[in-house]
Each structure stands twice: as C-alpha cells, then as structure tokens.
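Here is the structure we will look at.
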Amino acid sequence: KNFFFSGLTAMEKKLAEYKCNTNEAIQLKLVRFPEELEDENTTFNPEYSHQVFGDDEVAFGYKGLKILLYYIAGNLSTLFRIEYTSKVNEKFDCVEADDVESKIREIIPPGFCTNTDDFVSLLEKEVNFKPFGMLLHTYSIHNEEAGEDITYQIYKADMTCPGFREYHERLQTFLMWFIETASFIDVDDERWNYFLVFEKYNKDGATLFATVGYMTVYNYYVYPDKTRPRVSQMLILPPFQGEGHGAQLLETVHRYYMSSPTVLDITAEDPSENYVKLRDFVLVKLCQDLLCFSPVKLMQGFSQEMVTEAQQKLKINKQHTRRVYEILRLRATNMGDAEQSRSYRLDVKRRLIGPYKKKQRELAKMRRCLRPEEMTNQLNQIDLNLQREQLEESFQQLVSDYRRVLERLAQA
C-alpha cells in the first residue's frame, strides 16, 4: 500500500515539472526593427490568460514552454510559434500534453507567420502601413529615454475602411490578455465606433505608425432621435501605459461626441476601477471651467444647472456630473475648517446612504411579514452601527481617490 502511494507522489512530482504558468509562457512583442526579435527588453506578458487556458492559467505537458506572439508594431501582422525543451507524452504514454496551439488559434485570426524569416520580410513592407479613418487629434509627449517629443495621433475608423476589419481582428486579441472579462464584439453591427491611437516614429528616414491602443463605443438608440454612446472596451497596450494616452483618448472621444447635436450623453459598460479614475480626471478637466462649477456655486450644493450644463455642453450624464461636483467641491473646500469639512462630509454621505436606505426599506418589508416587532428594532440597530462604519469607510476611500484626481489635475 505504502509503495503505491510513494510511487504516485514520484509520478506526481514528475508531472508537476510539466506544468507551466501561461501568463509567463506567453511572450508578446510589438516589433519595429528586426533586432528587437532577440531583445528581451521589448517582451511583455499577459495579465490574464484564464479565458484561454482556464482558471489555473496553466498549460500541462511541457517543460520550458514559450508561446511566442509577436506583432508588427503598426498593422499587427502576427508571428505565432511554440517552443519547449521537452514534452510529456514522449516520456509516459499515460498522459497527454495540452493542445496549446489550437487554444491560441481559437483567438488569433488565420494568416499568421510561423517562422521568423517570413515575419521579417513582412516587417520591411510596414512602411506602407497608414492609420485607418479620420484624424481627430494630434498630441505630443516628451520621452525622457529618447530625449525628444514623440507625436501621437487619434483616428476614428469604421468597417468601411479598407483593411480595417482584418486589422481589428488582430488588435482585439490583446483584450484576452489584458481585460479580465473581455469578449469579442459583433463587427457587423454598424453602431460600433472605433477610436485608435498611433505613434509616429522614424525608420530609415521614413515616417511610420505604431499601434498604441484603442477604444470601442456602441451607439445606443434613445427615442425618438438621439443616441447614447457607451464605452465598451478600452485598452492602451502595456508598452505605452502610464504615459497619459488613456486620458487623451477619452477626452478626444468626448470632444468628438460633443459636436454632435443628436448625442445625449456618454456612458460606460461595467467600468473597471482604473477606468473610473481615468474618467474622473478627464471629466473634471473638461468641467472645471464651466460657470456652474465656480467655487461659490459649488459651496451651494449640487444643482440641476450643473446637470444641464454638463450634459448639454460636454455630454456628461447626471451620475458622472455628481462625481465631478464632489471632486471640484473638495478642491474648493478648506478641510481644515470644521464647518466646511462637516458640510462636505454630510453632502457626500447623503448621496452614499441612498442605496442603504433603499435596502433598509426592503428588509423592513420582509421582516414585517416574518418576525415580531421588537426583533426588527434590534436588527435595525445593529444594521445602523454597521452602516455608519461602512459609510465612513466609503467616504474616506472616495476622498483619497478624489485627492489623487486633483493631484493629477494640478500637474496637467
């Protein structure tokens, strides 16, 4: 019996050596120059691979597994290769290695290269690649490393642009690796708008374009003749993150819709924490000069005038306008002044308590049917204390988020 168990663990140990973390195994690159193929500094890894490899994010059956997904920087032509030092079923016939290749093939479009020479010869044609669609905005960011200003451009594209459909198929594969709940969209639905960010760079005296990131926006119809654009996906590719491109993109998209009389306001689908921080910054930046947000008016409290002006001029919805108001009011408030800070705290907590009160009413209704009165009162008392703590916690968290937005604004 003991022999059997020790045998099993030896086997298990052996098998464990053939497990690879897929977030480490997948190596991504955006290639501009052939020498970057050998340069490990240009490699980056996924944040997520659970949608392709399951919740454990493990591929079984290989030692030293490398899944290479290299993309040409502009048009995203792809090199896909799998390398490993050894594979499981050569050793023991009782287990089979995961079919890594077919899992990757499910998410990357056909037409990729499988060897480096083909990829390099495609790289030479990259000089012909131009951004899709209509130029909306040009901006530059000083790059310390390069010691110069780098120019970026934002374009609006759609499926009628020649070659865009295929390009978008390659671009959206990045969602799987960097957005936790990513899904591919139905590109045949004409209500999608696509906004793309490109970097201009020089290669042998020519100007080329590299893909930086993108955003998809769905135009919901609002009766009788308006639309409500909803931000669906937004991704700045990892080599470009933390440089301010997300803010440029979101502001450009807002400005694009601001000029349209049929647009009501802009919303977002299931936004991440990072997206909310980004949006706070962009919307506060847009709103801070509106008359309705003057310090005097901020101190008088949230008003319908703010809602109307932010919606009509900047296409910002009521819920987001309320956050903008709270952030700008924090800036105008002297938190060292007991009266001012108390007034601010009450104002924000009154909004935060809304959902609690609703829940409270629902609970009370349920309990009336189920339990005697005195029990209800006791429970309500416990709820209230807990509620106060949670409320205070939510408030403190908000204020620290808001301060970060104001710090970023002060540097902008």
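The values are calculated or read from the model by the stated rules, or taken from the named source; none is laboratory data. Predicted model, so just to flag it, every value in this text is computed and none were measured. Here the Cβ positions follow ideal geometry from the backbone for every residue, glycine too, while neighbour counts run over all protein chains shown. Areas reflect the complete protein model, heavy atoms only, side chains present, ligands, DNA and RNA absent. Shrake-Rupley method; radii C 1.70, N 1.55, O 1.52, S 1.80 Å.
Observations on the model:
- Any hit, the range 240-250, residues being more than 22 Å from residue 137 (Cβ to Cβ), without any contact (Cβ under 8 Å) to a residue 40 or more places away in the chain and surrounded by fewer than 18 Cβ atoms within 10 Å (Cβ to Cβ): no
- Sole residue being over 18 Å from residue 237 (Cβ atoms) and either open to solvent by 60 Å² or more (accessible area, probe 1.4 Å) or in the same structural domain as residue 241 (by the TED database) (or both), chosen from 47, 38, 57: 38
- Taken over the range 309-323, the criterion of being in contact (Cβ under 8 Å) with a residue 12 or more places away in the chain and over 26 Å from residue 341 (Cα atoms) is satisfied by 309, 311, 313, 314, 315, 316, 317.
- Residue, most open to solvent (accessible area, probe 1.4 Å), within the range 301-313, restricted to residues that are of a type in the set (Gly, Ala, Ser) and part of a loop (DSSP other than H, G, I, E, B): 303
- Test result for residue 330, over 20 Å from residue 266 (Cβ atoms), open to solvent by less than 20 Å² (accessible area, probe 1.4 Å) and aliphatic (A, V, I, L, M): yes
- Check on residue 265, within 30 Å of residue 74 (Cα to Cα), at pLDDT below 95 and among the acidic types (Asp, Glu): no
- Total residues in the range 205-220, condition open to solvent by 10 Å² or more (accessible area, probe 1.4 Å) and touching a residue at least 24 places away in the same chain (Cβ under 8 Å): 5
- Test for residue 298: is it assigned to a helix (DSSP H, G or I), out of contact with any His (no Cβ under 6 Å at 6 or more places or on another chain) and aliphatic (A, V, I, L, M): yes
- Near pairs, Cβ below 7 angstrom, 6+ apart or cross-chain, from the range 125-146 (on the phi > 0 side of the Ramachandran plot) to any residue that is among the aromatic types (Phe, Trp, Tyr) and surrounded by 11 or more Cβ atoms within 10 Å (Cβ to Cβ): 133/155
- Considered as a group, the residues in the range 6-35 that are over 22 Å from residue 74 (Cα atoms), of a type outside the set (D, E, K, R) and in contact with a Phe, Trp or Tyr (Cβ under 7 Å, 6 or more places away or on another chain) include one that is surrounded by the most Cβ atoms within 10 Å (Cβ to Cβ), and that residue is 22.
- Test: residue in the range 284-306 that is of a type outside the set (Val, Ile, Thr) and in contact (Cβ under 8 Å) with a residue 60 or more places away in the chain: yes
- In the range 32-67, residue nearest to residue 129 (Cα to Cα) [restricted to those that are part of a loop (DSSP other than H, G, I, E, B) and among the hydrophobic types (A, V, I, L, M, F, W, C)]: 33
- Considering the range 81-103, the residues that are closer than 18 Å to residue 25 by Cβ and of a type in the set (Val, Ile, Thr) include one that is modelled with the highest pLDDT, namely 82.
- Residue pairs whose Cβ atoms lie under 6 Å apart, separated by 6 or more positions or on different chains, with the first residue in the range 251-280 and exposed (fewer than 13 other Cβ atoms within 10 Å of the Cβ) and the second among the basic types (Lys, Arg), are 262/226; 269/230.
- Counted as qualifying within the range 68-175 are the strands (runs of 3 or more DSSP E) with 3 or more residues that are within 21 Å of residue 245 (Cα to Cα), namely 134-143, 148-157.
- Counting the residues of the range 314-356 that are assigned to a helix (DSSP H, G or I) and under 32 Å from the mean Cα position of the chain (by Cα) gives 28.
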